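For reference, the structure is listed below as structure tokens.
The values are calculated or read from the model by the stated rules, or taken from the named source; none is laboratory data. Just so it is clear, the structure is predicted and the values come from calculations on it, not from any experiment. Every residue, glycine among them, receives a Cβ derived from its backbone with ideal geometry; neighbour counts consider all protein chains shown.
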Amino acid sequence: MKRLGALATSVALISSLAIAKEIKIGAVMPMSGPLAAYGQITYEGIQLANKLQPTLANGDTVKVVLVDNKGDKVETATATTRLITADGVVGILGALTSTNTAQVIAVADKRQVPVIAAVATNDQLTTNRKFANRVCFMDSFQGAVVANYAFKDLGLKTAAVIIDQAQVYSLGLAKAFEQAFKAAGGKVVKKITISSGDKDFKAAVAQVKSANPDFMFLPLYHPEASMIARQSKQAGLDVPMFSGDGVSNQTFIDLGGSAVEGYMFTDFFDYSAPPTQKSKDFIADYEKETGKKELGSFTALGADTYFLMVDAMNRCEDPTDTVCINEQIKATTDFEGVSGVINIDEKGNATRSAVIKVIQNGKPVYKATVNP
């Protein structure tokens with residue numbers, strides 16, 4: 001009887017292995033081009049998460065198919081179409097910036113394929129898009145965090161804002177900040193527009209200097225923010241600078257050098273204050289994998305997009321049913337992620353905390369956590 005029982009178990013195991021299949025998840029990331037610093041560190045988190053959890057509860061293998069969108073809108077749309085039609089992915093992770101993520105969502109929504117964005121924060125991203133989701137906070141929350149911290153905690157009453165008119169991220173975050181700053185009692189004394197790719201900011205810096213604000217708010221990505229910081233220092237403009245998550249990477253510090261000492265920004269996560277047990281475990285795995293313990297927030301959020309997608313797939317009887325996967329993503333409550341506890345609402349937006357950091361001695365240093 002024991003032999004028959006063992007044989008039956010072996011047959012069942014072999015049968016389950018025989019029917020196990022490979023299911024593909026797509027990742028659209030800027031692995032080259034001006035936004036490569038974001039894509040590379042975010043995909044690092046997805047890769048490690050896939051290595052740690054390569055199979056579903058039913059034994060199916062999860063394969064991540066990466067496509068480099070080069071940080072370009074047209075490339076993003078093409079990459080998304082190819083992932084869905086040629087590779088047959090059941091979900092897509094990406095594409096970082098709000099502008100490019102909007103392209104992913106526009107294509108995926110028509111084909112009923114769920115998207116989970118890691119760091120696309122523009123408020124309108126999920127509006128009227130059934131298959132759009134994210135694990136990051138929105139700009140309305142991030143802008144209010146900056147405004148209230150600057151006014152109430154730092155006592156900064158006037159601000160100059162430099163806006164990238166070519167990025168919906170910058171436009172949305174600037175608007176959210178201005179509304180919250182004025183509501184708190186602050187005053188925006190100067191607003192200046194630039195465009196992505198600009199190199200010479202001397203005129204903008206001169207305008208800020210003449211306005212004499214208590215601080216500068218720069219809702220920008222790291223290439224422009226770092227150059228403005230350097231050129232401000234060269235011009236003798238010495239006021240506190242604050243940004244959103246767009247400067248949350250080591251490349252910003254490397255490009256800015258001593259000019260970004262004291263620079264403050266909002267972020268999603270800090271490895272020195274791990275918010276969950278999953279955070280602690282993933283930090284340990286990351287250190288084993290890379291030899292580094294300084295897990296960045298984009299890497300943590302990249303991992304969370306993968307873990308949350310897999311979690312939703314595991315809650316579906318058919319893990320390739322894209323409609324079910326999307327419904328389960330939106331039914332996510334108290335999800336213990338690497339970057340913190342995440343709740344997703346019916347629109348696909350996440351409710352989560354933010355952290356504030358300051359650059360000291362060439363390193364981002366944790367200052368505070370702000371809960372929603």
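Structure notes:
- Verdict on residue 334 being surrounded by fewer than 23 Cβ atoms within 10 Å (Cβ to Cβ) and within 17 Å of residue 279 (Cα to Cα): yes
- Of the candidates 289, 346, 294, 317, the single residue that is in a loop (DSSP other than H, G, I, E, B) and farther than 30 Å from residue 85 by Cβ is 294.
- Flag if residue 130 is part of a loop (DSSP other than H, G, I, E, B) and of a type in the set (Lys, Arg): yes
- Failed item, numbered, when residue 246 is tested on (1) assigned to a loop (DSSP other than H, G, I, E, B); (2) in contact (Cβ under 8 Å) with a residue 60 or more places away in the chain: (1)
- Residues that are crowded, with 22+ Cβ neighbours inside 10 Å and polar (S, T, N, Q) within the range 129-166 comprise 133, 142, listed in sequence order.
- Selected residue [closer than 30 Å to residue 341 by Cα, outside the structural domain of residue 238 (by TED's automatic domain parsing) and not β-branched (Val, Ile, Thr)] from 120, 184, 144: 120
- Residues satisfying the stated conditions in the range 37-86, i.e. outside any helix (DSSP H, G or I) and either of a type in the set (D, E, K, R) or touching a Lys or Arg at 6+ places or on another chain (Cβ under 6 Å) (or both): 60, 63, 65, 68, 70, 72
- Neighbours by Cβ (under 8 Å, 6+ apart or cross-chain): first from the range 170-194, hydroxyl-bearing (Ser, Thr, Tyr); second part of a helix (DSSP H, G or I): 170/246
- Given (1) crowded, with 22+ Cβ neighbours inside 10 Å; (2) touching a Phe, Trp or Tyr at 6+ places or on another chain (Cβ under 9 Å); (3) under 27 Å from residue 302 (Cα atoms), number of the condition residue 172 does not satisfy: (2)
- Checking each residue in the range 356-372 for being on the phi < 0 side of the Ramachandran plot and either in contact with a helix residue (DSSP H, G or I) (Cβ under 8 Å, 6 or more places away or on another chain) or part of a loop (DSSP other than H, G, I, E, B) (or both) picks out 356, 359, 363, 364, 368, 370, 371, 372.
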